[in-house]
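Working notes, beginning with the structure itself.
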Amino acid sequence: MDEHPLSEPTLHIVLYEPEIPANTGNIARLCAAARLRLHLIHPLGFKVDDRHLKRAGLDYWPEVDVVHHPSFDAYLIAESMAPHSVHAFSRHAEPLYTKACVQPGDHLLFGPETRGLPAELRSIFHFYAIPIWGKVRSLNLSTSVGIVAYHYLHTIGRF
């Protein structure tokens with residue numbers, strides 16, 4: 001899972017301390033398919049050589065442009081992030097993800113499966129929600145990433 005540089009990725013998918021290897025593997029496969037850069041912010045809830053992670057990513061790991069960050073602060077420093085270019089997602093947010101003004105090069109930030117993103121990040125970034133009409137607490141992380149990533153790829157004219 002070495003870095004596989006893209007020439008200017010259209011969007012960045014950022015997973016803050018992901019916990020479930022199969023979700024991360026599915027998201028990695030999505031990133032490979034859509035040519036998106038994947039940022040993994042440590043600590044992870046699994047080892048990067050986990051068999052479930054590898055199985056979910058199938059044999060696409062060489063195609064994944066993945067960057068590991070030892071902490072959230074290290075991610076912010078490495079990426080020189082402007083708050084307006086990070087769009088965070090939470091079931092606790094009020095505006096819907098369709099209201100975000102996403103531009104090429106922006107980062108889509110998702111929290112860990114059981115905890116979500118820390119509340120203190122709400123004062124830094126804009127948070128958006130995916131609507132849920134049924135009686136469930138949340139959507140699967142890899143499903144959520146797929147919904148918003150492909151929506152934004154469409155809105156910025158990628159397809």
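The values are calculated or read from the model by the stated rules, or taken from the named source; none is laboratory data. Not measured: the values here are computed from a predicted model. Counting neighbours? That spans all protein chains shown, and the Cβs are built from the backbone with ideal geometry, glycine included. Accessible surface areas use protein heavy atoms only, side chains included; no ligands, DNA or RNA. Shrake-Rupley method; radii C 1.70, N 1.55, O 1.52, S 1.80 Å.
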- request: Output the residues belonging to region 51-85 that are under 17 Å from the mean Cα position of the chain (by Cα), under 15 Å from L38 (Cβ atoms) and not in a helix (DSSP H, G or I).
  value: G57, V64, D65, V66, V67, H68, H69
Among (1) under 13 Å from Y16 (Cβ atoms); (2) open to solvent by 20 Å² or more (accessible area, probe 1.4 Å); (3) at pLDDT 95 or above; (4) not in a loop (DSSP other than H, G, I, E, B) - the single one T98 does not satisfy: (1)
Some residue of region 122-129 being open to solvent by less than 70 Å² (accessible area, probe 1.4 Å) and part of a loop (DSSP other than H, G, I, E, B): yes
- request: Collect the residues in region 130-152 that are closer than 22 Å to A34 by Cβ and either in contact with a helix residue (DSSP H, G or I) (Cβ under 6 Å, 6 or more places away or on another chain) or outside any helix (DSSP H, G or I) (or both), keeping them in residue-number order.
  value: I130, L139, N140, L141, S142, V145, G146, V148
- request: Output the number of the condition that P83 fails; it satisfies all remaining conditions of (1) more than 19 Å from A28 (Cα to Cα); (2) open to solvent by less than 40 Å² (accessible area, probe 1.4 Å); (3) touching a residue at least 24 places away in the same chain (Cβ under 8 Å).
  value: (2)
task: Being of a type outside the set (K, R), over 21 Å from C31 (Cβ atoms) and free of Cβ contacts under 8 Å to residues at least 60 places away in the same chain is the filter here, so list the residues in region 91-115 that pass it.
output: H92, A93, E94, P95, L96, T98, C101
Residue ID - modelled with the lowest pLDDT, chosen from residues in region 2-54 that are at positive phi and of a type outside the set (K, R): E8
